[in-house]
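J.: Have a look at this one.
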Amino acid sequence: MKAKTIAILESRLGKQLADLVAQRGGVPMHAPALTELPDLEPQKIAALVRSLEGQPPKLVIFQTGVGTRALFAATDSLGLTAKLLQLLENTAVAARGPKPTGALRSRGVRIDRSAAEPYTTKEVLDAIRDVDVKGSRVIVQRYGVANVELDRALEAHGAQVTEIPTYRWSLPEDTRPLESLIGALERGEIHAAVFTNAEQARNLFAVAEKLNKAQELKDSLNRTLVASIGPVASAALRDFSVKVGLESSPPKLGALMSALDSALS
């Protein structure tokens, strides 16, 4: 990727990704496409933990590391962590990938089901397919948006689904970097655009819609190497008729950067 301009839409690890691009000789253009906002109300968490005593869940699904840590931080502040851990001892626990797995293990939580790579909803459902949830309560730790596909699949099997919101995704307050990126793409100044989250694609197109440039953005991306972290991000890009030129396997940042470097070389 020497001397190539690479658009980075990642927010939380954006600087790290930009540094990796620079170390490989590329020129990073960092345009954060989403922000994480707290969406966790302690009193609602307290009420949920109390309700779990009266109606214990059959299954609890943890989808993200940051959300899992936020949940335990809330129960720490409420003095309810011991109670939550006790409840989890008598419940089947499923983890979507290595990040929630690490967060759970740091709290000594037993993990009964683990989703396989690439950690999409399909793999989560495969991991829990032998758990009979009919007529039972299932708790889902939400990530940035509600996982409608997961919720509907569980409900189709007769589960009573309760989601725990811990954070939500939103557009960054300052969208000027995204506006600049849309312009740079249109002018052909970007060699590759890196998407590490499905919501990044949706937010980028939301900004383009406000600028009345959604068609131009689609055309520009289809003239550019679009690199995706995995199938969920790729599906979101295809929803906007954007061709994905590279999808990381496994869906990890290091593998994504190596594949991008090879593709551009």
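J.: Out of all DSSP beta bridges in segment 38-169, what portion is antiparallel? Express it as a percent rounded to 5.
T.: The antiparallel proportion sits near 5 percent.
J.: Using Cα-Cα distances under 8 Å and only pairs 6 or more residues apart, what relative contact order does segment 1-155 have, in percent?
T.: Working: 215 pairs, mean separation 32.9, N = 155.
So the answer I get is 21 percent.
J.: Over the Cα atoms of the chain, what is the Rg over Rh ratio if Rh follows Kirkwood?
T.: Reported Rg/Rh (Cα atoms, Kirkwood Rh): 1.02.
J.: Oh, and also: Let me check against my output: what whole-number percent is the relative contact order of the chain, with C-alpha pairs under 8 Å and at least 6 apart?
T.: Reported relative contact order: 21 percent.
J.: Same structure, new question: Can you list the lysines whose alpha carbon is less than 22 Å from that of K2, not counting same-chain residues fewer than 8 positions off?
T.: Qualifying lysines at Cα under 22 Å: K15, K252.
J.: Just to confirm the filter: which GluC sites (Glu not before Pro) across segment 121-185 are DSSP coil and have at most 12 other Cβ within 10 angstrom of their Cβ?
T.: E173
J.: Tell me, what ³J(HN,Hα) does each residue in segment 65-81 have, in order and in whole Hz, if you take phi through Karplus 6.51 cos²θ - 1.76 cosθ + 1.60 with θ = phi - 60° and put x for Gly and Pro?
T.: x, 5, x, 5, 5, 5, 4, 5, 4, 5, 5, 4, 5, 8, x, 10, 5
J.: GNM, the chain, Cα, under 10 Å: largest mean-square fluctuation among A46, A82, A94?
T.: Comparing A46, A82, A94 in the GNM, the peak value goes to A82.
J.: Taking a threshold of 26 Å on the Cα-Cα distance, which of the pairs K213/K243; K44/K99; K4/K218 fall above it?
T.: Violating the 26 Å limit, Cα to Cα: no pairs.
J.: Something else now. Counting just the Cα atoms, what span does segment 66-185 cover along each of its three principal axes? Round to the nearest Å and put the largest first.
T.: Principal axes ranked by extent give 53, 35, 24 Å for the Cα atoms.
J.: Related question: Among S248, S228, S136, determine the one that fluctuates most according to a GNM of the chain built with springs between C-alpha atoms less than 10 Å apart.
T.: S136
J.: Springs between alpha-carbon atoms under 10 Å, Gaussian network over the chain: tell me which of V124, V60, V145 tops the mean-square fluctuations.
T.: For the chain, modelled as a Gaussian network with Cα springs under 10 Å, the answer is V145.
Bear in mind these aren't lab numbers, they're just calculated from the coordinates by the rules spelled out. As the structure is a computational prediction, the values presented were derived from the model and not from experiment. Glycine gets a Cβ as well: all are built from the backbone with ideal geometry, and neighbour counts include every protein chain shown.
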